[in-house]
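First comes the structure, then the notes that go with it.
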Amino acid sequence: MPSFEVIITAFLAISLTASIISSRTRTPYTIVLVLFGLAIAGSYLPSLLGVNLLYDNLIGGGLFVGLVLPPLLFETMMNIRYEDLRSVVRPALRLATVGVLIATIVGGLFLWQIARLPLTSSFIFASLIAPTDTATVLEIFRRARLPRKLSTLMETEAAFNDATGIAIFTIVITSFSVSQLSLFQATTSFVTILGGGVLVGMAVALGAHFLSRIVTDPMSDTMITITAVYGSFTVAQALGVSGLVAVAVGGLYYGNSTLKTWVRPQTTRIVRNFWRIMAFIANSLAFLYIGLSTDLSKIVADLLPIAIAFSAVILARVATVYPLLGTSKVDNAPIPRSWKNVALLGGMKGALSIALAASLPANTPSRDLITSTVLGVAFLSITLQGFLLSHYTARRFPRKPSGGIQTVLSAKR
């Protein structure tokens, strides 16, 4: 097996090439990377470079989510303003909590009753595919030219719905493998995962805030953020609560409090640039993995169940977005239909669902089919929805908006 340095060099070269192609062709960077990964997966390079072994270790050891998603989440949440968050926090949390539950129920019922798939397989798949993928959503909306509050809405949903998704996924797996959980147990599990993540994130953020008061050089401040990001995730996971929620809360507090009170402007620029680079590398790793994990021959062989599952995912997203956002307001104004359409197209699946599928017990019914279907749906979601979202946003929001919802009311159909 080649050295780790060779693998890293190859990864960076691929990321650079994909970035150049994306900027030249105006194709979303995520789609280019997934296609690169798909092309590489069909060649002899993965075995030659030992890439498959590296990724199997990352996923099999449960390291992928912990290594890749925290930098993405921290960098995004650090740049979200409190005033924007206050405007969209209610609809965002509805999508991240009730929305994931609705998507699981609708998707599971569709696969069970309409597609006539087994009950167990239907709801296991629906539960692990229900949450939108943090890496996919954050990257897509970072590059899209959207009203700031619409981006904040989607990014906040992606940051917090993993707690709901993981809780529901765990409940579904436990219910089918052991015994049916009571409503009280299910509610307690969700509150513990989400609330515990918030508490851990705040505790670590306050510690980082205190340390930032006693250091003066940019390197020390940057190291504080690195320790806070991975420290909050590790502590939260060890306590059995959501590590990603902890990172999201820490990023919000650091960007809106610590940076504005104790960190000097020069240091602020260095810290932001550092995490921008980290987010770029993490995004590249996430989407290249999705491409490498996708076996085109299996997608073709399982095309019918993948198409049925993708239809169920879209139906579940429709049943979630339009009712929940239809009764919500931002800045005391109804949410425009164009925002709802963006939320529908932006509900993409990806690395988080793949990681959950990889964690399925070996005795799970139809485990191989579920895993193959998740990879197929993730591939279709990123390529098809990503392409449609890119074109829709370019047409609906051609100019850089000021961020208020009033600027896009004219986009309402």
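Rule-based calculations on the coordinates, nothing more; no lab input. These figures come from a predicted structure and were not determined experimentally. Note that each Cβ is placed from the backbone with ideal geometry, even for glycine, and that neighbours are counted across all protein chains shown.
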Only one of the values (1) 60, 56, 46; (2) 57, 50, 46; (3) 61, 60, 39 was calculated from this structure for Cα extents along the principal axes in Å; name its label.
-> (1)
At what distance in angstrom do the alpha carbon centres of segment 351-399 and segment 202-253 lie from each other?
-> 30 Å
Under the Karplus relation 6.51 cos²θ - 1.76 cosθ + 1.60, θ = phi - 60°, what is the ordered set of whole-Hz ³J(HN,Hα) values for segment 190-196, x standing for Gly and Pro?
-> 5, 4, 5, 5, 6, x, x
Taking the Cα centre of segment 88-214 as origin, work out the dipole magnitude from +1 charges on Lys and Arg Cβ and -1 charges on Asp and Glu Cβ, in debye rounded to 20.
-> 420 debye
Estimated vicinal HN-Hα couplings, Hz - segment 110-123 in sequence order (Karplus 6.51, -1.76, 1.60; Gly, Pro = x) = 4, 5, 7, 8, 8, 7, 6, 8, x, 4, 4, 4, 4, 7
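Could you tell me the number of lysine pairs in segment 4-411 with C-alpha atoms less than 15 Å from each other, where the two lysines are 8 or more residues apart or belong to different chains? Write out the running numbers ahead of the final one.
Working: Lys149/Lys329; Lys149/Lys340; Lys149/Lys400; Lys329/Lys340.
Summing the qualifying lysine pairs gives 4.
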Convex hull volume per residue for segment 226-312, taking Cα atoms only, in Å³ | 151 Å³
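Under a Cβ-Cβ cut-off of 15 Å, what is the net charge of the residues other than Thr258 that fall near it, where Lys and Arg count +1 and Asp and Glu count -1?
Around Thr258, the surrounding residues sum to +4.
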Residues meeting the amide H criterion for Val330 (H placed from the backbone, H to H distance under 5 Å, 5 or more places apart or on another chain) are Ile335
Ordered by residue, what ³J(HN,Hα) values in Hz, to whole numbers, does segment 70-85 give under the Karplus form 6.51 cos²θ - 1.76 cosθ + 1.60, where θ = phi - 60° and Gly and Pro are x?
-> x, x, 4, 5, 5, 5, 6, 5, 5, 9, 7, 8, 4, 5, 5, 5
